[in-house]
1. Within the range 5-16, is there a residue that is surrounded by 22 or more Cβ atoms within 10 Å (Cβ to Cβ), closer than 29 Å to A186 by Cα, touching a helix residue (DSSP H, G or I) at 6+ places or on another chain (Cβ under 6 Å) and small (G, A, S)?
2. Output yes when any residue across the range 35-42 is assigned to a helix (DSSP H, G or I), at pLDDT 95 or above and touching a helix residue (DSSP H, G or I) at 6+ places or on another chain (Cβ under 8 Å), and no when none is.
3. Of the residues L73, L29, only one is in contact (Cβ under 8 Å) with a residue 12 or more places away in the chain, surrounded by fewer than 24 Cβ atoms within 10 Å (Cβ to Cβ) and aliphatic (A, V, I, L, M); which?
4. Return yes or no: is T161 β-branched (V, I, T), closer than 28 Å to A117 by Cα and open to solvent by 10 Å² or more (accessible area, probe 1.4 Å)?
5. Among the residues of the range 149-158, which ones are surrounded by fewer than 17 Cβ atoms within 10 Å (Cβ to Cβ) and either modelled with pLDDT under 70 or more than 18 Å from N173 (Cα to Cα) (or both)?
6. If you go through the range 185-202, how many residues are more than 17 Å from the chain's Cα centre (by Cα) and of a type outside the set (A, V, I, L, M)?
7. Being among the hydrophobic types (A, V, I, L, M, F, W, C), part of a strand (DSSP E or B) and farther than 21 Å from L206 by Cβ is the requirement here; does I76 meet it?
8. Please find, within the range 195-220, the residue that is nearest to S35 (Cα to Cα) out of those that are open to solvent by less than 20 Å² (accessible area, probe 1.4 Å) and in a helix (DSSP H, G or I).
Amino acid sequence: MNTRVKICGLTTPETLRAAVDAGADFVGLVAYPRSPRAVSPLRAAAVLEGAGMAQERPVKVVAVTVNPDDALLKGIAEWIAPDFIQLHGSETPERAGQVRAITGAGIIKCIPVSGPADLKAADAWSEAADHLMFDARTPEGSSLPGGMGLSFDWSMLKGRTFARPWFLAGGLNPDNVAQALAASGAPMLDVSSGVESAPGVKEPALITAFLEAVRATSPR
C-alpha cells in the first residue's frame, strides 16, 4: 500500500504550495486559537487562494479543530469548505455526527496514545469517523493536544487492524519517518512540528525531505 501523507499546520500560501508540489495527499489548516499554527477561517481562505487552491484542489483539505463550537464550524464550512474536519479534543461520536451535519465534511478523529490500552478508544469511532489518527498524548495540563513533537511506541500499532483507515502522528520528521513506518506499518502519516524551523514556521525544504523519505521507504 502506498503511504499517504498529511502536512499539517500550514499558515502561508508558500508553504501550502510547497506541500502540494512535494506530493502531499492532505494539507491541514489549524482552527484552534491556542496553537502557534492557528489561522482563522477567513485567513485560511486567503492562504488557499494565495496557493491557487480557491477552486481547484489537488489535495484533500483538513480543518483541524479542538472541541469546536457551532459558530466556528459554520465559519469553517463557509470560508474553507474542507474535505475533512479533524477532531482533536474530547469530542464524542454523537458530536461528530453534528459536526458532519453542520459542515458537510468527513471526520478524522484523533486518539491520544501513551500505551496500548489507549488504542481501544478507536472502537467507539467505527461508524462516526472516516479516518482515525493516533497521536502522542500530551502532558497533563498542556494547553495543546498535539503538535509538540512528542511520540509514542510506534510498534504497538504493528499488525493491528481498525475499522477505519488511520494516520500515525506525533514526533515524526524526515530523519525518523522510515523507522516509524517500519515499526508501525502505518498506511498514512501526519507531520507538523517535524517540518518546522520554529513552532508554526514551516520549512519547504523539510516538507520536501519528509515526503522524499516516505517515498524512499514506500514507493508511491
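The values are calculated or read from the model by the stated rules, or taken from the named source; none is laboratory data. This one's a predicted model, so the numbers in the text were calculated from it and none came from an experiment. Cβ placement follows ideal geometry from the backbone for every residue including glycine, while neighbour counts extend to all protein chains displayed. Remember, those area values only see protein heavy atoms, side chains included, never the ligands or the DNA or RNA. Shrake-Rupley method; radii C 1.70, N 1.55, O 1.52, S 1.80 Å.
1. no
2. yes
3. L73
4. The answer is yes for T161.
5. Correct list: G149, K158.
6. 2
7. Answer is no for this residue.
8. V195
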